[in-house]
Amino acid sequence: MKWVREGNRIPIKSWCEKIEPEAMAQAENLASLPVTFKHVALMPDCHVGYGMPIGGVIACPEAVIPNAVGVDIGCGMLAVQTDLSADQIPKALIEEILRGVRAVIPVGFEHHKRSQDWDGWKTAPLECPPVRQELDSARRQLGTLGGGNHFIEIQLGDDGNIWLMIHSGSRNFGLKIADHYHRLAQKLCEKKNIELPSLDLAWLPRESSEAEEYLAAMDFALRFAKRSRELMMERFSEITCAKTGCRTREPINIHHNYCAKENHFGRDVLVHRKGATSARKGEMGIIPGSMGTPSYIVRGLGEPESFMSSSHGAGRVMGRNEACRRFSQQECDKAVGDVVHWWGRDRKGRPDLSETPQAYKDIDQVMADQTDLVQIVTKLRPLGVVKG
């Protein structure tokens, strides 16, 4: 831990040494809420978000805060180790595999042309309006990458093996669920004359029907996001194994935007992790870097002060629009280096340069700042990447 700040209703404990003023103000708002418990924890990738900093962790015994989970519910990582070595997958083969991936996995704003099979459709909580409204569209979004910071990547581990990795979320499901229940939370707080340090942190009482609905919708979005990553990895692995004859090992599949019922400091609470991942003692995790920089397979150390959590990635140092304005494609290509890559596209069809490494913190420093939260198992160097 880097520092502790007192002075609010509960303290703020940070593994991030320097925090931008906007993110600090959001952390102070969280620490002032009447429903947060023990302290606010900030991971080393912390940066400003919507309502709550990304890289923030809070616990609430009696409330759920939709914006403390965020709009991409279930966003997370999936990684599998193969039995390939670096000399078995030259650059030309990496390009061939990733072209095959791009042909079968829609990215960006694209969807599948047909509905995707999944037994989970039968468990959709249709009493939740955003789930009911988005279900037909979601059937064609399952197994698609999306845009922003989502990626499909071939990596070389310091264990000598090739790894396959995917970062993706719940597509439009998460956004619609977050927006709907945040509006409900605002109305409930207004009706009860609850003063909020920020309207973006409106909360739902834990025992309310609205909270139960939100948690049911959130849980379905988590399962959707998890299955979506699995489906993409099945196709990614199939292409890779068909071209190389490799075999894959047991996957690691985790979320980093979610709320979970857990027990901390002797209390049953709802832990909200927004851009943070669970790091219970012995639990396997994935912490990706930015485009062209290393990622890490880690093992949790179960640190109580972080609510047994760690960072979810490198963390941004500038906004997406600023990055696109500041850097040319030539500068961004140079920063990515010899990694095989294709930039995502914005709505106007222009290269989306917002994911350039210059827009992110140094992932190695982020890892150095959380040695009490996770143990590094494998360091992964990117060889080829597809962006959304």
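Just so it is clear, none of the values below were taken in a lab; they were calculated from the coordinates. The structure displayed is predicted, hence computed values, not measured ones. We place every Cβ from the backbone using ideal geometry, glycine too, and count neighbours over all the protein chains shown.
Taking other Cβ atoms within 10 Å as a rough exposure proxy, Asp119, Asp268, Asp364, Asp200 sort from fewest to most as Asp119, Asp268, Asp364, Asp200.
Using the Cβ-Cβ distance between Ser85 and Glu322 with R0 set to 41 Å, the FRET efficiency from 1/(1 + (r/R0)^6) comes to roughly 0.55. In this structure, the amide hydrogen of His264, modeled 1.01 Å from its nitrogen in the peptide plane, lies closer than 5 angstrom to those of Val269, counting only residues at least 5 positions away or on a different chain.
Mind pulling the angle between the C-alpha long axis of helix 91-104 and the longest principal axis of the chain? Nearest 10 degrees, somewhere in 0 to 90. Helix 91-104 sits roughly 60 degrees off the main axis of the chain.
Pairs of Cα atoms nearer than 8 Å and 6+ residues apart set the relative contact order; for the chain it is 23 percent. The trypsin sites (Lys or Arg not before Pro) found in the range 117-200 that occupy coil by DSSP, while having at most 12 further C-beta atoms within 10 Å, are Lys192.
When you restrict to C-alpha pairs under 8 Å that are six or more residues apart and normalise by the size of the range 159-214, the relative contact order lands at 29 percent. Under the rule that a partner needs its Cβ under 4.7 Å from the first Cβ, which Cys of the chain have none? If one checks each Cβ against the other cysteines of the chain, Cys60, Cys75, Cys128, Cys189, Cys241, Cys246, Cys259, Cys324, Cys332 turn up with nothing under 4.7 Å.
Summarising the label geometry, the points placed 7 Å from Cα in the beta-carbon direction at Gln330 and Asn193 lie 6.5 nm from one another. Cα centroids of the range 230-297 and the range 1-48: how far apart, whole angstrom? Each part's Cα centre sits 25 Å from the other's.
Exposure proxy shown here: for Ser310, Ser228, the number of other Cβ atoms within 10 Å sets the order, fewest to most, as Ser228, Ser310.
Looking at the range 88-185, the GluC sites (Glu not before Pro) that sit in a DSSP loop and have at most 13 other Cβ atoms within 10 Å of their own Cβ are Glu127. Legend: P(r) of the chain from all alpha carbon pair distances, 10 Å bins from 0, whole percents, reading 5, 24, 33, 26, 10, 2, 0.
Going from the residue with the fewest nearby Cβ atoms within 10 Å to the one with the most, Phe220, Phe109, Phe173 rank Phe109, Phe220, Phe173.
With a cut-off of 15 Å between beta carbons, the residues surrounding Arg280 carry a summed charge of -1, where Lys and Arg count +1 and Asp and Glu -1. By how many degrees, 0 to 90 and rounded to 10, does the Cα axis of helix 129-141 deviate from the longest principal axis of the chain? Tilt of helix 129-141: around 10 degrees. For the pair Ser208 and Asp268, the difference between a 0.36 nm per residue extended length and the Cα-Cα distance amounts to 19.9 nm.
Taking every C-alpha pair closer than 8 Å and separated by at least 6 residues, the mean separation divided by the residue count of the range 1-110 gives a relative contact order of 18 percent.
So how far, in whole Å, is the C-alpha centre of the range 186-203 from the one of the range 53-102? Comparing the Cα centres of the range 186-203 and the range 53-102, I get a distance of 33 Å.
With respect to the chain, whose longest principal axis is taken over its alpha-carbon atoms, helix 21-32 is tilted by about 50°.
Computed over the alpha-carbon atoms, the range 103-142 gives an Rg to Rh ratio of 1.01, Rh here being the Kirkwood radius from the mean inverse distance.
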